[in-house]
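Data first, discussion second: the structure below is written as structure tokens.
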Amino acid sequence: MNLFTEFKGRIADAVAALQAEGALPEGLDLSKIATEPPRDPSHGEIATNAAMVLSKAAGMKPRDIATLLAARLMTLSDVEAAEVAGPGFINLRLAPAFWHDRLRDILRAGTDYGSSTMGGGKPVNVEYVSANPTGPMHVGHGRGAVVGDVLASLLAKAGYAVSREYYVNDAGAQVDVLARSLHLRYREALGEGVGEIPEGLYPGEYLIPVGRALAAEFGDRYAKAVEAEWLETFRLKAVDAMLALIRDDLAALGVRHDVFSSERELVRAGGVQTAFETLSANGLIYEGVLEPPKGMLPDDWEPRPQTLFRATEFGDDVDRPLKKSDGSWTYFASDIAYHYDKYRRGATSMIDVLGADHGGYVKRMVAAVTAITGGKATLDIRLCQMVNLMRDGEPVKMSKRSGNFVTLREVIDDVGRDVVRFIMLTRKNDAHLDFDLKKVTEQSKDNPVFYVQYAHARAHSVLRHAAESLAGIDIGANALAKADLSALTDEAEIALIKQLAAWPRVVEGAAEAHEPHRIAYFLGEVAAAFHSLWNKGRDASELRFLLADRPDVSIARVALVRGMALVVASGLMVLGVTPVEEM
């Protein structure tokens, strides 16, 4: 239960009751009523602007409406106090029994707690990774992979029908370079001395085993052949090999996709031509001449007629070319076709998770999606900033395997999948991220992965001790949901329940904003509240979780511990991180 949504409904009921009494006029618009946490936690748990947004239509002063509403809300058993503040805000303080019931909700729902129907089954396509199939993935790709994968899981938990997609850029010039690089390794495998890898080709060692496999398959058939005879074959072989490498890396990171879409196949199937004709039929294509880039006139600038898309009609800065001078399609034309293909497959809501170097791509692609779907589809592009990889504060050197960067797989093998996934979400996607390979494995409160996992493991340690000290008493979640929880009265205990009860709202808010890092932040806050409660019990024995002479108190506190573990596990599952029970 999102308690803020719940109380928005209760406030609407209170307005309806006042209307029935004639205290408020009929026909008021309740859509702008908001319920949220007060800025100052000492003011209570829920604040609402209801009186102020109803004032004008009701023809009444906000504080007069607030006074009526506060009196009506005070009749609710869950409300301990309803106070009018400022120009007409209402602050609600909820009774301890209300929070005890929220803990029961958690225990009954288990790790499903926080799941929402907000999405209503609406289809959402999330495209992420989409690394060029030219070699193993680097750490930057890993950040986009985690952000996209967790965002997809988050949206699914919020009730959306999610499709996870990888777009294979296998039709560009970089694939020809990959094929030429592979042909060099193929000749090397046949015993030819190739010397230093020529500039412009991929130098990584990852192509060596692929070259050997082709030497075994083809012998020397293509060793002296002209490029036209082998380029297509080597292109296909190279892309297949690199995709296998990428899929293996993704599996190691726990990242999955439902769909792999090929740019090459889209072009061959006429998808770009279809998109072009659709835009043209709507009067959005014309022949024109673009102005030179603002503030500069490149030496090679040559004004010439081009086939242009009217991107400026949909918010872009300039109109965009769809064809090159040789008549072939631009990358942008292929990208429009790809998004149009997604739309025709049923995706009316699309999210692309891309690297920071795609910043100039956002406006034009959003404009294109709006144009080609007639405004029936939306596109949100999430840009992931660079990852600064370090070890104990020093930059990590380049990898021999890749030739010029540290591979994602090397990092996973070094620190583990769970650490990589969690750390990638400790900053918002558009902020630079420092990833220190030594610090992320330290067992300290400064390591967010350890801090959260330790809270979960600590909770299960308490549960194991409870099973011994409360022998014969069922301490399973369902049994604890029926227990007397009135012994949970300490300020820190109620504060932890309030934190846990915020989980459904966090899920909905993060899903709506497309910000999966909020989950990692929330888990850190829950862990901090639990560790604080643990330390409080260590300093004051009467506040310990297990009291030998007070089984009633022990059971209530075990319920709280189990509830905390369930919420943390629920959050870690969204992150794709294993909730450990021992450390």
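The values are calculated or read from the model by the stated rules, or taken from the named source; none is laboratory data. Treat the numbers as computed from the prediction; the structure is a model and nothing was measured. Ideal geometry is used to build each Cβ from the backbone, glycine not excepted, and the neighbour counts take in all protein chains shown.
Give Asn91, Asn125 a once-over and let me know the one that is in contact (Cβ under 8 Å) with a residue 40 or more places away in the chain, over 30 Å from Val239 (Cβ atoms) and polar (S, T, N, Q). From the options Asn91, Asn125, the qualifying one is Asn91.
Ala171 falls short on exactly one of the conditions (1) farther than 25 Å from Ala223 by Cβ; (2) surrounded by fewer than 18 Cβ atoms within 10 Å (Cβ to Cβ), and that condition is (2). Would you say Ala501 is surrounded by fewer than 17 Cβ atoms within 10 Å (Cβ to Cβ) and under 30 Å from Ala161 (Cα atoms)? No: the conditions fail for Ala501. Return yes or no: is Thr307 free of Cβ contacts under 8 Å to residues at least 24 places away in the same chain, surrounded by 13 or more Cβ atoms within 10 Å (Cβ to Cβ) and of a type in the set (Val, Ile, Thr)? Yes. Just a yes or no: is a residue in the range 148-168 surrounded by fewer than 20 Cβ atoms within 10 Å (Cβ to Cβ), out of contact with any Phe, Trp or Tyr (no Cβ under 9 Å at 6 or more places or on another chain), in contact (Cβ under 8 Å) with a residue 12 or more places away in the chain and part of a strand (DSSP E or B)? Yes, the range 148-168 contains at least one residue that is surrounded by fewer than 20 Cβ atoms within 10 Å (Cβ to Cβ), out of contact with any Phe, Trp or Tyr (no Cβ under 9 Å at 6 or more places or on another chain), in contact (Cβ under 8 Å) with a residue 12 or more places away in the chain and part of a strand (DSSP E or B).
Here Leu485, Leu500 are screened, and the one residue that is under 14 Å from Ile106 (Cβ atoms), over 24 Å from the mean Cα position of the chain (by Cα) and not β-branched (Val, Ile, Thr) is Leu485.
Residues of the range 256-278 that are charged (D, E, K, R), without any contact (Cβ under 8 Å) to a residue 40 or more places away in the chain and under 23 Å from Arg164 (Cβ atoms): Glu265 alone. Scanning the range 456-477 for residues that are over 19 Å from Lys445 (Cβ atoms) and hydroxyl-bearing (Ser, Thr, Tyr) yields a total of 1.
With the structure loaded, tell me whether Ala548 is surrounded by fewer than 22 Cβ atoms within 10 Å (Cβ to Cβ) and not polar (S, T, N, Q) or whether it fails that test.
Working: surrounded by fewer than 22 Cβ atoms within 10 Å (Cβ to Cβ): yes; not polar (S, T, N, Q): yes.
Yes, satisfied.
Condition first: more than 30 Å from Met350 (Cα to Cα), touching a residue at least 40 places away in the same chain (Cβ under 8 Å), of a type in the set (S, T, N, Q) and not in a helix (DSSP H, G or I). Can you find one or more residues in the range 462-478 that meet it? No. Annotation for the range 365-373: no member residue is within 22 Å of the chain's Cα centre (by Cα) and at pLDDT below 95. The residues on offer are Asp105, Asp101, Asp78, and the sole one that is within 28 Å of the chain's Cα centre (by Cα), farther than 30 Å from Ala377 by Cα and of a type in the set (Asp, Glu) is Asp105. Within the range 435-461, the set of residues being in contact (Cβ under 8 Å) with a residue 12 or more places away in the chain, closer than 30 Å to Met386 by Cβ and among the hydroxyl-bearing types (Ser, Thr, Tyr) comprises Thr441, Tyr451, Tyr454. Pairs meeting the criteria (first residue in the range 535-554 and among the aliphatic types (A, V, I, L, M), second residue assigned to a loop (DSSP other than H, G, I, E, B), beta carbons under 8 Å, at least 6 apart or on different chains) are Leu543/Asp490; Leu546/Leu470; Val553/Ala487; Val553/Leu547.
Residues that are of a type in the set (S, T, N, Q) and without any contact (Cβ under 8 Å) to a residue 12 or more places away in the chain within the range 26-41 comprise just one, Ser31.
Inside the range 14-58, can you point out the residues that are among the charged types (D, E, K, R) and within 35 Å of the chain's Cα centre (by Cα)?
Here is the first cut: in the range 14-58, the residues among the charged types (D, E, K, R) are 21, 26, 29, 32, 36, 39-40, 45, 56.
Of everything in the range 14-58, those that are among the charged types (D, E, K, R) and within 35 Å of the chain's Cα centre (by Cα) turn out to be Asp29, Lys32, Glu36, Arg39, Asp40, Glu45.
Within the range 220-250, the set of residues being part of a loop (DSSP other than H, G, I, E, B), of a type outside the set (A, V, I, L, M, F, W, C) and either touching a residue at least 12 places away in the same chain (Cβ under 8 Å) or in contact with a His (Cβ under 9 Å, 6 or more places away or on another chain) (or both) comprises Asp220, Tyr222. Filtered by the rule that a residue be out of contact with any strand residue (DSSP E or B) (no Cβ under 6 Å at 6 or more places or on another chain) and under 11 Å from Pro133 (Cα atoms), the range 149-175 gives Asn169, Ala171, Gly172, Gln174, Val175. Any residue at all in the range 199-211 that's of a type in the set (Ser, Thr, Tyr) and free of Cβ contacts under 8 Å to residues at least 40 places away in the same chain? No: zero hits. In the set Arg557, Arg538, only one residue is crowded, with 16+ Cβ neighbours inside 10 Å and either within 21 Å of His456 (Cβ to Cβ) or within 18 Å of the chain's Cα centre (by Cα) (or both); that residue is Arg557. The single residue among Val526, Val577, Val568 that is outside any helix (DSSP H, G or I) and under 24 Å from the mean Cα position of the chain (by Cα) turns out to be Val577.
Can you find a residue that is more than 22 Å from Ser77 (Cβ to Cβ), loosely packed, with under 10 Cβ neighbours inside 10 Å, without any contact (Cβ under 8 Å) to a residue 12 or more places away in the chain and not assigned by TED's automatic domain parsing to the domain that holds Ala502 anywhere in the range 8-19?
no
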